[in-house]
Structure formats: structure tokens, C-alpha cells
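Only one structure is covered here, and it is reproduced in the block below.
The values are calculated or read from the model by the stated rules, or taken from the named source; none is laboratory data. Just so we're clear, the structure is a prediction, and the values are computed from it rather than from any experiment. Quick reminder, even Gly has a Cβ in these numbers, built from the backbone with ideal geometry, and neighbours come from all protein chains shown. Side chains are part of the model used for accessible areas, which takes the heavy atoms of the whole protein and leaves out ligands, DNA and RNA. Shrake-Rupley method; radii C 1.70, N 1.55, O 1.52, S 1.80 Å.
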Amino acid sequence: MPERSLRIGTRGSALALRQTERVRARLAEQGCCTDRVEIRTTGDVLPDAPLARIGDRALFTKQLDDAMLEGRIDAAIHSLKDLPTRLPDGIALAAVGLREDPRDALVARDGLGWATLPRGARVATSSLRRRAQLLLARPDLEIVDIRGNVDTRLAKLERNRDWSAIVLACAGLVRLGLEARISERLPLELMLPAPGQGALAATVRSDDDAAADALRRALHEPEVELAVTAERAFLRRLEGGCQVPIAAHATVRDEYGRRVVRLGARIASLGGERCVEGARTTAELTVGGAAALGEQLADELVACGAAAILDSVRAASRAAPVPEP
């Protein structure tokens, strides 16, 4: 247990603060004192720019990493899906856990659900992954771009009466006490989540063993680690991020009398015209085994045409980048 008070860095959004306070409460249960430090990130500075046009950067983590490397904070709490698969030198992933429902939520007006969205309905999302899968299932939909924190997006739905729905992560709505706003939790057959979606992550300086140990005791869950390791290894193998429509979801489950990690993944073109998907399992319940599972499935999907889909998406994103703030 570190003798000093740990300075915990976080973004300033309501969701980020709620998540950070949950981890701080767990640290307090161990007798570990903490201070909260709020830091604005690139994603906060450019609240209205489409994520796919901001560029291939650590949109929600870079400034937190910089603060840690400069010694202004000792740790940072992230939504794992925002954390790049390759961390900067000197930064380590200390713990993952507290995974909420990883599915995406349809938040619709007038009692609508997925099956009752009218033909040509306008559905808003900031995610290329969600856009691609929505159009894969319903090519008739009109997808509208939306940015901002959860409250901002909900308010935009209310203001834009011509929108039928928005799509958000179930986890964020639940953590903010807004579960009642969920019209429908979209099934995985329709909408696979982003790698790591729903899980929390803590990063520390690579040489700060005391902080890492404290956060691991407070937050870490081994089965969550196995699942998200497979998902993130899949993403890393494909060199993906916010700018590509990569979806993956893993679980640790019992199959035919043995415990396995099962990973499913899907890559669809932005207009939903093409899709490559598949699934694999491994009975090797180690971090190395989970990582190998993700890499093997990525290689399989590349062989089936995933690379061509991703290349076309990246080419479109490079055509109109948003400059660095």
C-alpha cells in the first residue's frame, strides 16, 4: 500500500467522474487516501468534431498520460474502450474490472424500439462501428453524426424532433443512473460492442509498483482481464482505433464441460455493404492465451477480406482530418 495519497487523474465529464469516484471508494476501503485531479483531453477540447476526422490519436487519454509522465498525477481511470492498445513508454495498464453490460443501447423517442423504427428513420451516433452495423442491418436508416457527453447527446435527441433515436453504451447510462432512458439493449447478433466496452481501466507509471498494486487490489477482475485482452489483441492486430468500425466481444464461459474464452468479432464497411465476421474459442485461460485468441481471429478475418474494408475506411478518414488543437 503506498504511504502517500494517490493523485487520480480523470476527465471532467459526469461519467468519467462517476467512474473515478467508484474506484476511489474501493481504494478508500483499503485505507488508501486519494485526491482527484480533473484534466481536459483532446476529445473534450473538440466536442463537436466527428471522432473519425480528429485523426489517429489517443483522443481521451493523451493529456492524462502526459500528466502522469510529468509527475502531476499517479494514476488515471479510463473507460477501457477509450484506451489505445499500445500505451506510451513509461505508462502501464495496472488493472481492469467493474465491467458493466457491454452492449449498446437504443434510446428512442415515442416508445420506438429497433423493430418499430420507421423506414428511413434518423438515428444519431458518433461511432463508425455503430454506423456500419446499423446500416448492415437496416440500409434504409439515415445515420446522423453526434458528439458530446451523455447528457449532451440526450438533450440533442430532445431538440432534434426529426431524429428517431440515438445509440449509446448501456454502461454509461447505467452508471449515470439513466437506465430508464434505455428503450432497448441491442442484441449482440445485431450490434457487437467496441473492444473493452463497459470495463474500467487504471493506468500508472511503469515504475510505480505501489500504485499499481493498490489499484490492482481495488479494481482488478481476472475474468474481465481475459475477455478484454482477447478483444484488445484483436483490435491491436488490425491496428484499429476510433477511426475504424471494428467490433469485438469476448466472454469467459462453460462450454461442453470446460471453461473457455469465446471471442466474436465483426468488421463492416461504413455503408453496411460488406461485412466479415467470425468467432473462436480457447481453453487456455491465461493472458497469453487470450491475446493469441484475438490475434488468430484477426488473421482469419483479414484472410476473409477485412483488410480491404479497413483500408477503404482509413482512406476516407484521411481525406478530411481535423487539425490538432
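Run through the stretch 1-32 and list the GluC sites (Glu not before Pro) located in a DSSP loop whose Cβ has at most 10 other Cβ atoms within 10 Å. Please report the intermediate quantities before stating the final value.
Details: sites: 3, 21, 29; in loops: 3.
When the GluC sites (Glu not before Pro) of the stretch 1-32 are filtered for loop state and at most 10 Cβ neighbours within 10 Å, 3 remain.
I need the phi-derived Karplus couplings for the stretch 77-92: 6.51 cos²θ - 1.76 cosθ + 1.60, θ = phi - 60°, integer Hz, Gly and Pro marked x.
10, 10, 6, 4, 5, 8, 8, x, 6, 10, 8, x, 4, x, 10, 10
What residues qualify as long-range amide H neighbours of residue 144, i.e. H under 5 Å apart, gap of 5 or more or another chain, H built at 1.01 Å from N?
Close amide H contacts, sequence-distant or interchain: 123, 124, 125.
What's the angle, to the nearest 10 degrees (0 to 90), between helix 14-29's Cα axis and the longest principal axis of the chain?
The angle comes out near 30 degrees.
Indicate the gyration tensor shape class of the stretch 1-41 (rounded, prolate or oblate), computed on the Cα atoms with a ≥ b ≥ c the square roots of the eigenvalues: a/c under 1.5 is rounded; otherwise a/b larger than b/c is prolate and the rest oblate.
It is oblate, given that a/c is not under 1.5 and a/b is not larger than b/c.
For the Cα atoms of the chain, what angle does the longest principal axis make with the long axis of helix 150-159, in degrees from 0 to 90, nearest 10?
The answer is roughly 30 degrees.
Counting Lys and Arg as +1 and Asp and Glu as -1, each charge on the Cβ, what is the dipole of the stretch 270-319 about the Cα centre in debye, to the nearest 20?
Using Cβ point charges on Lys, Arg, Asp and Glu, the stretch 270-319 gives about 220 debye.
I need the phi-derived Karplus couplings for the stretch 264-275: 6.51 cos²θ - 1.76 cosθ + 1.60, θ = phi - 60°, integer Hz, Gly and Pro marked x.
Values, residue by residue: x, 8, 8, 10, 10, 5, 4, x, x, 6, 10, 8 Hz.
When the label point is put 7 Å from the Cα of residue 4 along its Cα-to-beta-carbon vector, which residues of the stretch 64-84 have a backbone N closer than 18 Å?
Zone members listed by number: 64-77.
Quickly estimate the mean residue ellipticity at 222 nm for the chain, helices only: each DSSP H run with n ≥ 4 gives -39500 (n - 2.57), and the total goes over all residues, rounded to 500.
After summing the helix terms and dividing by residue count, I get -10500 deg cm²/dmol.
Any idea what the dipole of the chain comes to, in debye rounded to 20, about its Cα centre with Lys/Arg Cβ at +1 and Asp/Glu Cβ at -1?
The dipole of the chain has a size of about 700 debye.
Where both residues lie in the chain, what percent of DSSP beta bridges are antiparallel, nearest 5?
75
Taking amide H positions as placed in the peptide plane 1.01 Å from N, state which residues far from residue 117 in sequence (5 or more) or on other chains have amide H under 5 Å from it.
Under 5 Å from the amide H of residue 117 lies no amide H from a residue far enough along the sequence or on another chain.
If amide H atoms are built 1.01 Å from N in the plane of the peptide, which residues on other chains or at least 5 residues away come under 5 Å of the amide H of residue 34?
6
Restricting to Cα pairs below 8 Å that are 6+ residues apart, what does the relative contact order work out to for the chain? Please round to a whole percent.
22
Each label point is 7 Å from the Cα along the Cα-to-Cβ direction; what then is the distance between the points at residue 87 and residue 140, in nm?
4.7
Choose one of 306, 282, 269: the residue whose Cα lies farthest towards the positive end of the charge dipole of the stretch 256-313 (beta-carbon charges +1 Lys, Arg; -1 Asp, Glu; about the Cα centre).
282
If you keep only loop residues by DSSP, which trypsin sites (Lys or Arg not before Pro) in the stretch 107-214 have at most 12 other Cβ atoms within 10 Å of their Cβ?
On the way: sites: 109, 119, 122, 129, 130, 131, 147, 153, 156, 159, 161, 175, 181, 185, 205; in loops: 109, 119, 147, 161.
Taking the stretch 107-214 and a limit of 12 other Cβ atoms within 10 Å, the loop trypsin sites (Lys or Arg not before Pro) found are 119, 161.
Using a 1.4 Å probe on the protein chains only, how many percent of the accessible area of the stretch 184-325 belongs to carbon and sulfur? Each step should come with its number before you reach the end.
Details: 2980 of 5970 Å².
Reported share for carbon and sulfur atoms: 50 percent.
Mind checking the stretch 150-198 for GluC sites (Glu not before Pro) that DSSP puts in a loop (not H, G, I, E or B) and that have at most 15 other Cβ atoms within 10 Å?
Passing both the DSSP loop test and the Cβ count: 189.
Say the dipole of the stretch 150-234 comes from +1 at the beta carbon of Lys and Arg and -1 at that of Asp and Glu; which of 193, 164, 176 then lies farthest toward its positive end?
164
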